[in-house]
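The values are calculated or read from the model by the stated rules, or taken from the named source; none is laboratory data. Remember, it's a predicted structure, so these values are computed and weren't measured experimentally. All Cβ positions, even for glycine, are placed from backbone atoms using ideal geometry, and neighbour counts span all protein chains on display.
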Amino acid sequence: MEETRKQRLINKIWKSEPTIEGAGVHLKRAFGFHELPLFDPFLLLDDFRSENPADYKAGFPWHPHRGIETITYVLDGDVEHGDSMGHKGDISAGDIQWMTAGSGIIHQEMPKGNKKGQMLGFQLWANLPANMKMMDPRYRGIKKIKFL
């Protein structure tokens with residue numbers, strides 16, 4: 001039996017906006033400003049892409065999160081991570097970091113780039129449902145699968 005597909009219309013197109021976050025990281029925010037109610041439960045989507053280490057080296061020093069999840073995917077380069085639960089290490093090309101802040105966590109993300117000085121990746125913030133906002137924080141690092 002052939003599957004029937006319903007055509008969906010595009011309601012609006014947004015362009016990402018340059019912004020500076022953390023200790024001076026230049027990035028492009030796809031959403032996370034005035035359009036928030038339209039993307040619930042998603043709060044923010046940032047694209048951190050640069051060939052200039054001065055745009056990202058200052059990083060995101062120790063800071064708190066609560067009631068959300070952050071999903072970071074690194075396309076190229078390395079990001080050093082540490083948190084108040086004792087997790088630490090590098091998120092490298094093809095790796096994903098999934099951090100559930102829950103009742104609260106303090107962490108840092110310090111982009112290091114690759115050997116050419118390039119840094120590419122993105123981060124999505126998801127709002128936790130009200131009944132999960134005070135759950136215990138957790139961290140999951142998913143390393144790139146290497147095929148033979």
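Worth pointing out:
- Options 129, 137; residue that is touching an Asp or Glu at 6+ places or on another chain (Cβ under 9 Å) and either modelled with pLDDT of 95 or more or not aromatic (Phe, Trp, Tyr) (or both): 137
- Filtered residues of the stretch 95-107 (kept if buried (at least 18 other Cβ atoms within 10 Å of the Cβ) and out of contact with any helix residue (DSSP H, G or I) (no Cβ under 8 Å at 6 or more places or on another chain)): 95, 97, 99, 100, 101, 105, 107
- Within the stretch 62-94, the set of residues being closer than 13 Å to residue 22 by Cα and over 15 Å from the mean Cα position of the chain (by Cα) comprises 62 only.
- Single residue of 15, 6, 28, 88 found to be at pLDDT 95 or above and among the basic types (Lys, Arg): 28
- Residue in the stretch 125-133 that is farther than 23 Å from residue 15 by Cβ, polar (S, T, N, Q), under 14 Å from the mean Cα position of the chain (by Cα) and not in a loop (DSSP other than H, G, I, E, B) present: yes
- Flag if residue 147 is under 29 Å from residue 12 (Cα atoms), among the hydrophobic types (A, V, I, L, M, F, W, C), surrounded by fewer than 18 Cβ atoms within 10 Å (Cβ to Cβ) and modelled with pLDDT under 95: no
- Which listed residue, of 59, 82, 67, is in contact with a Leu (Cβ under 9 Å, 6 or more places away or on another chain) and modelled with pLDDT of 95 or more: 67
- Near pairs, Cβ below 9 angstrom, 6+ apart or cross-chain, from the stretch 74-86 (farther than 20 Å from residue 53 by Cα) to any residue that is polar (S, T, N, Q) and surrounded by 15 or more Cβ atoms within 10 Å (Cβ to Cβ): 82/108; 83/108
- For the stretch 47-90, the set of residues classified as surrounded by 16 or more Cβ atoms within 10 Å (Cβ to Cβ) and either of a type in the set (Lys, Arg) or in contact with a Cys (Cβ under 6 Å, 6 or more places away or on another chain) (or both) consists of 49, 57, listed by residue number.
- Residue within the stretch 109-116 that is at pLDDT 95 or above, at negative phi, in contact with a His (Cβ under 7 Å, 6 or more places away or on another chain) and part of a strand (DSSP E or B) present: yes
- The one condition in (1) in contact (Cβ under 8 Å) with a residue 40 or more places away in the chain; (2) within 20 Å of residue 132 (Cα to Cα) that residue 101 fails to fulfil: (1)
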